[in-house]
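The values are calculated or read from the model by the stated rules, or taken from the named source; none is laboratory data. The shown structure was predicted, so the numbers you read here are calculated from the model rather than taken from an experiment. We place every Cβ from the backbone using ideal geometry, glycine too, and count neighbours over all the protein chains shown.
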Amino acid sequence: MVAADRAQASLTVAERHLNIELPQACEVLLDLPEYRPFLVAPGDPHGCLRVHWVGQAELHADWVSRSLARGHPFEYRPILNCSTVKQRYLTRQPDELYLLDLAVADFLQPSTWTMESFAFPPVDVARYLRGRIFCLLASHMAAGEGLLLHGSGFVIDGIAAAAIGPCDAGKTTAARLIRGDRLLSDDVVAVTDVGTQPRLHATPLGRESDGLGSAPLRAIFFPRKQATFSLQPLTARQALIRSAAEQADTFQSLFNPYGGLAVRNLGRLFRKVPAYELGFSLDGIDREAIRHVLSGS
């Protein structure tokens with residue numbers, strides 16, 4: 001039962017349904033263009049995100065213990081997001097939470113994939129909600145056969161590819177220059193079935209997307225801006241080392257809180273999907289060379 005002053009919605013991403021419950025005042029966030037194509041009718045969820053706004057006056061150890069643990073404090077795996085955007089683990093003593101100066105506190109219950117998230121204003125609510133959805137989805141997928149990647153995904157002739165890398169590497173620019181038939185997402189993409197038949201999925205965590213969709217993943221590109229076009233194959237080991245460093249630098253929550261599960265899945269992914277360093281200029285990209293790579297010819 002959701003309280004009258006709470007809003008509820010359901011997102012579907014990479015075949016996973018996330019129920020989201022947040023203060024009524026933030027309901028407008030779920031009507032942003034990036035979320036709209038992924039909204040579905042509430043159903044049997046794979047995970048649940050509950051967002052709460054609290055003031056510093058309410059941050060009391062006993063209150064936190066009652067509100068977050070809901071009678072099962074030792075089932076929760078607390079994850080702390082400090083104002084420095086670094087993460088560290090909390091002990092099972094709620095007093096430690098009370099003693100720390102927080103902007104955001106997340107408590108994840110892996111048995112039900114329920115995240116209780118508490119924000120202490122002022123906070124950028126749009127960025128905050130995006131981050132919470134990211135963390136819950138990333139943890140859920142990393143525990144199985146999937147992961148999230150910081151990159152742009154596109155589809156050509158029914159086959160998907162991802163351009164991944166750190167900020168300003170040229171991921172979105174490369175995807176646009178390739179002129180794929182469909183843009184899955186321009187900032188965060190999801191991968192499922194990493195050990196068998198990897199599949200790339202759109203997510204609502206970027207700024208642009210052609211909506212809900214997925215396709216078999218056949219190549220991963222590491223874009224690099226340069227004077228001329230080039231396409232250099234990478235070994236699975238080279239791709240893993242480069243990706244782990246670049247992805248962890250931007251999305252630390254993928255690699256720290258979940259016992260290395262995302263790194264494990266990343267290694268399995270590069271053993272299944274070939275990787276390339278893609279050099280390109282703003283003058284364009286050899287689209288036919290990309291198509292040859294995706295078709296395996």
Task: Residue satisfying all of: in region 259-297; assigned to a loop (DSSP other than H, G, I, E, B) and charged (D, E, K, R); nearest to Phe229 (Cα to Cα) among these - done: Asp286
TODO: Quick one: in region 166-186, of everything that is of a type in the set (D, E, K, R) and buried (at least 21 other Cβ atoms within 10 Å of the Cβ), which residue is nearest to Ile285 (Cα to Cα)?
DONE: Lys171
- [ ] Would you check if there is a residue in region 24-38 being more than 18 Å from Tyr128 (Cα to Cα) and free of Cβ contacts under 8 Å to residues at least 60 places away in the same chain?
- [x] no
- [ ] Test Ala174 against the stated conditions and say whether it is more than 14 Å from the chain's Cα centre (by Cα), outside any strand (DSSP E or B) and either closer than 18 Å to Ser243 by Cβ or small (Gly, Ala, Ser) (or both).
- [x] yes
TODO: Kindly indicate which of Ala161, Ala169 is modelled with pLDDT of 90 or more and within 15 Å of Tyr276 (Cα to Cα).
DONE: Ala161
Open item on the list: Restricting to region 16-39, name every residue that is surrounded by 13 or more Cβ atoms within 10 Å (Cβ to Cβ) and not in a helix (DSSP H, G or I).
Closed with: Arg16, His17, Leu18, Asn19, Ile20, Glu21, Leu22, Pro23, Leu32, Glu34, Tyr35, Leu39
